[in-house]
């Protein structure tokens, strides 16, 4: 009985290994604690936000570059500064690679437009990296993109309360140069690991 | 006290070393730091490693500082797939164990700094424990 089970297991393992090799090297990027790749990246549809330089930030801004997106708010003391600092270091790693970082952009999406004006966003993202983008919009506009990415947020705004609680998904979302929702990075974040995974993926996808 | 007294210098030297750490009867704090934030930001986070060296639980009940309008003990939590902060009114340190305040977990939420804090600056925060102990800790601002 045991011998049969063992044999079956070995054959199954061999079959899986063979099919992985056939299914191309995307098998190198099996889901792990760092990055989850979507087998069938979903094209995003129209949305409209405004960036920290008051330019329109819509779907066309997500084409032609890889985009790493993160939802947060500038009054966030822990998660947002921590994540943006890691992403800035990740960008440094990517910039040093042969592919460089010209085709990558990092976008901080504020879910708190009440406090996060364009000028506040500019001050905020500039601090972490001068190439980073800060975008926001009204609730409907933010909700549109958030829903497409499966991001959740909740702004418990109460008039008169200065520091109202804001909840937001802490995942980093990856959109490819064709504007397709391609992968996610899950916390806790490490700059070197994120950049390594990203570089492999970029190479596999042919830039 | 004579200036050239070796005991005087020894004491001065030791006090200087304790700068970014603090020790009370049985409670020690190491690696206390505040993350530098972009200019104009009103919320900062403080982190540290707290150790209860006694054989009884010690309860951190509050924190305060002349450097900030308010200091609250918070913990980053994930609820319904969203990160948020939960206020902790008190935290128990179990005997002979450490509790780490670190990014993504427990942190001191520091509101409205009285002056702009840049990497390299130091700011004092008092940790208040049940039973009356108040531990002043010098936090180092880091990028």
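The values are calculated or read from the model by the stated rules, or taken from the named source; none is laboratory data. Values in this document were obtained by computation on a predicted structure and should not be read as measured data. Every residue, glycine among them, receives a Cβ derived from its backbone with ideal geometry; neighbour counts consider all protein chains shown.
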When you scan the stretch B:26-68, how many residues do you find that are within 14 Å of chain A (Cβ to nearest Cβ), surrounded by 15 or more Cβ atoms within 10 Å (Cβ to Cβ) and part of a loop (DSSP other than H, G, I, E, B)? 5
Going by the structure shown, is residue A:160 closer than 26 Å to residue A:43 by Cβ, over 18 Å from the mean Cα position of the chain (by Cα) and part of a loop (DSSP other than H, G, I, E, B)? no
Being without any contact (Cβ under 8 Å) to a residue 40 or more places away in the chain and out of contact with any helix residue (DSSP H, G or I) (no Cβ under 6 Å at 6 or more places or on another chain) is the filter here; which residues of the stretch A:83-103 pass it? A:95, A:96, A:98, A:100, A:102
Among what's in the stretch B:84-109 and is within 7 Å of chain A (Cβ to nearest Cβ), at pLDDT 95 or above and in a strand (DSSP E or B), pick the residue that is surrounded by the most Cβ atoms within 10 Å (Cβ to Cβ). B:107
How about the stretch B:98-140: which of its residues are under 13 Å from the mean Cα position of the chain (by Cα) and closer than 14 Å to residue B:62 by Cβ? B:108, B:109, B:110, B:125, B:126, B:127, B:128, B:129, B:134, B:135, B:136, B:137
Restricting to the stretch A:170-189, give me the number of residues that are at pLDDT 95 or above, more than 11 Å from the chain's Cα centre (by Cα) and either part of a loop (DSSP other than H, G, I, E, B) or surrounded by 20 or more Cβ atoms within 10 Å (Cβ to Cβ) (or both). 2
Does residue A:151 satisfy the criteria of being in a loop (DSSP other than H, G, I, E, B), under 16 Å from the mean Cα position of the chain (by Cα) and under 21 Å from residue B:81 (Cβ atoms)? yes
